[in-house]
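Please treat every number below as a calculation from the coordinates, not as lab data. In this text, all values refer to a predicted model and were calculated from it rather than measured experimentally. Cβ atoms come from the backbone with ideal geometry, glycine included; neighbour counts cover every protein chain shown.
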Amino acid sequence: MGKKLIVLFVCIIVVITNPYYFTNYYETKKEAVTAAIKVNTTNLKQENYQLVKIPNSSYLICITDIPHSMYVYKTSSMFHKYKATLYNVEHLYAGDGAGIHYVNGKLAYGFTKEKPKDKDIYINQTKMNVFELEKYFKNSKYEIIYRNLVLYYPDQPMVTKNSSSSKMGFDEVTYR
């Protein structure tokens, strides 16, 4: 009797979760981000944007032309299907395009324009993955401003020496 009850319970859970699974998860990361853009209340769905896949990462970035903003989406997967959530918005026109972003006290990613071409980025003696973004601004009248813009990120979000909220999250970026 106990095994029949367990099987029945599992079948009920499968029937209930299947519609949710098939309506909110997508075949590719790009499909998931496109669906997330349609759901968001931002103006992104009315703007022209470039969707940029960051290699070896769960991030995708939507780069808009006017005003220059980058919407950072994080994708997650379940059973080889994907879902995307808006992680952060970086307004390039409002600052110098540099900064480190933390989520739950862990370094998630950062932007800089100061990376020398022949050097790697390190934070706390850990080498960061680097993705150059300048080619996505080639057709922009602001191309010169974003000429050396790069995104850097660890393999997994990492705790750093200064990532606690009491230290304001200022970690030193070194180039080697």
| query | By counting other Cβ atoms within 10 Å of each Cβ, how are M78, M128 ranked from fewest to most? | reply | M78, M128
| query | Hey, can you rank 134-147, 101-114 by average C-beta count inside 10 Å, highest first? | reply | 101-114, 134-147
| remark: Within the under-15-Å Cβ sphere about S57, not counting S57, Lys/Arg +1 and Asp/Glu -1 give a net charge of +4
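From the square roots a ≥ b ≥ c of the eigenvalues of the alpha-carbon gyration tensor of region 27-175, which class results: rounded (a/c under 1.5), prolate (a/b over b/c), or oblate?
Cα axes put region 27-175 in the oblate bin.
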| field | Interchain or long-range residues, amide H under 5 Å from S69's placed H | value | T64, L92
| For region 32-153, size of Cβ-based charge dipole, Lys and Arg +1, Asp and Glu -1, in debye | 360 debye
| Under 28 Å from K117, Cα to Cα: lysines that are on another chain or at least 8 residues apart | K53, K74, K106, K127, K135, K138, K141, K161
| Long-range amide H contacts for N88: which residues qualify at under 5 Å (H placed 1.01 Å from N, peptide plane, sequence gap of 5 or more or a different chain)? | V72
| task | Please give the net charge around N88, taking every other residue with its beta carbon less than 15 angstrom from that of N88, where Lys and Arg add +1 and Asp and Glu add -1. | result | +1
